[in-house]
1. Below 16 Å, Cα to Cα, which lysines can Lys87 reach? Residues fewer than 8 away in the same chain don't count.
2. Quick one: Karplus J couplings for the range 145-153, per residue in order, coefficients 6.51, -1.76, 1.60, θ = phi - 60°, nearest Hz, x for Gly and Pro?
3. So, in Å, what gap is there between the alpha-carbon centers of the range 1-57 and the range 105-168?
4. Can you list the HN-Hα couplings for the range 5-10, worked out from phi with the Karplus curve (6.51, -1.76, 1.60; θ = phi - 60°), rounded to whole Hz and with x for Gly and Pro?
5. From the phi angles alone, apply the Karplus equation (6.51, -1.76, 1.60; θ = phi - 60°) to the range 165-171 and give each ³J(HN,Hα) in whole Hz, x where the residue is Gly or Pro.
6. Can you list the aspartates and glutamates whose alpha carbon is less than 13 Å from that of Lys28, not counting same-chain residues fewer than 8 positions off?
7. Taking the DSSP beta bridges in the range 27-137 as the whole, what percent of them are antiparallel, to the nearest 5?
8. Can you sort Glu56, Glu75 from fewest to most other Cβ atoms within 10 Å of each residue's own Cβ?
Amino acid sequence: MNTTKTVSIVFYKGSGNFRDKLIRLWTKSPYSHCEFGRSDGLYHSNDRFRLVSRAEMIDIQSNDWEICKLTLPAEIIERVEKRQLKKNGTQYDWIGIIFSQVFRLGIHDSRRWFCSKSNADDLHYAYKLMQRSKKSTFAPYVHALHPIQKFKSNELSPSDLFAIVREIEHLQNNIHSNEVRYQEVYERSYRAG
């Protein structure tokens, strides 16, 4: 039984429409939208066109999307993905866009979402689940996800979230490299003993 699952957060950098161009101009970034790539192959976020939260298949072309992969415990991913389905059908958080993104006042509707707010919320939720459980096996994942805790979900643009997710990816790669090295040292000492 696999104890981890790999998910992704993907960031839209394709040519897009007027809204994409406006977001890029405002955030001074190549990214205008993001999606949470679930372990079942669906993508969850607020639809770029209908502005409603949903999970659906999307054709992710690497020339239009920047793909960041994260590995987390399977039991945590299952809970995050189950919670995502409860968000489905919720409307776009225009209050959050205006008063958290444009005017930076931190005001938002806690029952509505925009893409980066929803995806960051999913990562916050995973972090909190693991931290509360106090399972020692979760420690490396809690450490890797720690950068998301420095920010409120509603205050992150796709560009802001991209920087955080890249940092998480980097931390996970370093943790994995160290685990491999520790395993190799352990095996050598076991064989020598």
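1. Hits, sequence-local ones excluded: Lys117.
2. 7, 3, x, 5, 6, 7, 10, 8, 3
3. 15
4. Rounded to whole hertz, the list is 9, 9, 10, 9, 10, 10.
5. 5, 4, 5, 4, 4, 4, 4
6. Asp20, Asp160
7. Looking only at bridges with both residues in the range 27-137, the antiparallel portion is about 90 percent.
8. Glu56, Glu75
Bear in mind that the values in this text are calculations on the coordinates, not laboratory data. Remember, predicted model here, so these are calculated numbers, not experimental data. With ideal geometry, Cβ positions are generated from the backbone for all residues, glycine too; neighbour counts draw on all protein chains shown.
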